[in-house]
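Take a look at the structure below.
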Amino acid sequence: MPISPQYNPESLPPAADTEQTARGIERLAEAASRADDPVRRFFDEVVADPIGKRILDALFGNSPYLESCLVRDLPFARQVLAEGPDAAAAAVRGSLNALASPETGLDAVPAGLRRAKRQIALTVALGDLGGIWPLETITRTLSQFCDSALDVSVGHLLRQAANAGAIRLPFPETPTRDCGLFILGMGKLGAFELNYSSDIDLIVLYDDEHITTDAPDNLQRTFVRLTRALVKTMEERTADGYVFRTDLRLRPDPGATPPALSTLAAETYYESIGQNWERAAMIKARPVAGDLAAGKRFLETLRPFIWRRHLDFAAIEDIHSIKRQIYAHKGGSTIAIEGHDIKLGRGGIREIEFFAQTQQLIWGGREPELRMSGTVETIRTLVGLGRVDTP
């Protein structure tokens, strides 16, 4: 049997659209007919094998996107089916490492990242549907892929800026090392909770005291240009697809500030007029690309802003106001089976995340054990500390 024994056929869902499955099998046969003999023979066996056919039903009959991921890259699909998702994920990491090489031209990065995104999507889907990976592995794998994709892009963009004379890199061979520019992953990315369709929320910051440049007055312009190029690399739709939809609106005062800010400007903002919702958002902040050491230093300076030992009544009322806004959005004040928004509706994902974060704001200043980013882990800790009752 060509399929890895790791896959559990009992975990595979049936096809929701059998006609779509049949069309996918036809496309697979056409693509395999043009492939090398070992690949063609492998997929002939997969289609004839009962477990292989169930895997194809689960993919093709439920997701045109996953069908495309498999059919467009049969050699990789062969690897993930034959060796399992762990080996395939390691192969994707290797391809990203190769993409980060100075020998790789900047023009090749977008296509390379989109190919790797299709590969990791297929890998994660098969690990999920095949009953091999638990949820935590699925979301962490997607999040770590995003970290690497961002870091590869930032590294090449920093080299481009250095080649243009805008900055000088302390370590040109490893451009992100001590470069002074870093990216904070917020929300699900920061908490290693990315799902298949998640956007990524980012804050781009730079510590100008740790950046060497002959044109300090142009530093912000340089990093704004770099940030825009990074966003384009991530979210522009091409024939190869896109990598991640990207949102920069969690930065301080996004309507009035540029896409990339100095750490001094950000610190000044949070210390003077930072809001409680921004404190909650910063709980999940994590350096994900660029100068990770600089990112950790920045978050350390924000500890007094995020974790206050005492929460005043105005702050508590502010938290309740945010909750009322969540309830008011898309009819979230009631729970109904038909048409209920599982993400934004009452009792949905957003409210669960909000509950965990507000409890962290209330108790985290006095309970260091609550200073974590994961939602499930936070709720378990709240239960352990007696701050939340179990049903």
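Once neighbouring chains are kept in place and the probe is 1.4 Å, which whole percent of the accessible area of segment 102-159 is contributed by carbon and sulfur? It would help to have the intermediate numbers written out before the result.
On the way: 960 of 1860 Å².
About 51 percent, which is the carbon plus sulfur part of the accessible surface.
Taking only protein heavy atoms into account and a 1.4 Å probe, give the accessible area per residue of segment 181-316 in Å². All intermediate terms of the calculation are to be shown ahead of the outcome.
Numbers: 6430 Å² over 136 residues.
Ligands and nucleic acids excluded, the result is 47 Å² per residue.
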Of (i) 25.4; (ii) 28.5; (iii) 22.0, which one was derived for mean projected area of the Cα convex hull in nm² from the structure shown? (iii)
With the cut-off at 1.5 for a/c, could you classify segment 1-53 from its C-alpha gyration tensor as rounded, prolate or oblate? oblate
Just order 16-22, 123-129 by mean Cβ neighbour count inside 10 Å, highest at the front, would you? 123-129, 16-22
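Can you show me the helix-derived [θ] at 222 nm for the chain, built from DSSP H runs with n ≥ 4 at -39,500 (n - 2.57) apiece and divided by the number of residues, rounded to the nearest 500. It would help to have the intermediate numbers written out before the result.
Details: 17 runs with 216 residues, N = 391.
Result for the chain, helices only: -17500 deg cm²/dmol.
Whole number please: convex hull volume per residue of the Cα set in segment 34-190, in Å³?
Numbers: hull volume 20.6 nm³, N = 157.
Value for segment 34-190: 131 Å³ per residue.
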For the chain, averaging the sequence separation of alpha carbon pairs under 8 Å that lie six or more residues apart and dividing by its residue count, the contact order in percent is 13 percent
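Using a 1.4 angstrom probe on heavy atoms only, work out the carbon and sulfur share of the accessible area of segment 33-74 in %.
Percent of accessible area from carbon and sulfur atoms in segment 33-74: 51.
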Under 8 Å for C-alpha pairs, at least 6 residues apart: give me the relative contact order for segment 89-196, rounded to a whole percent. 29 percent
Pick out which of Phe182, Phe192, Phe305 has the largest mean-square fluctuation in a Gaussian network model of the chain, springs linking Cα atoms closer than 10 Å. Phe305
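The values are calculated or read from the model by the stated rules, or taken from the named source; none is laboratory data. Quick caveat: nothing in here was measured; it's all calculated off a predicted structure. Counting neighbours? That spans all protein chains shown, and the Cβs are built from the backbone with ideal geometry, glycine included. Quick note on the areas: whole protein, heavy atoms, side chains included, nothing else; ligands and nucleic acids left out. Shrake-Rupley method; radii C 1.70, N 1.55, O 1.52, S 1.80 Å.
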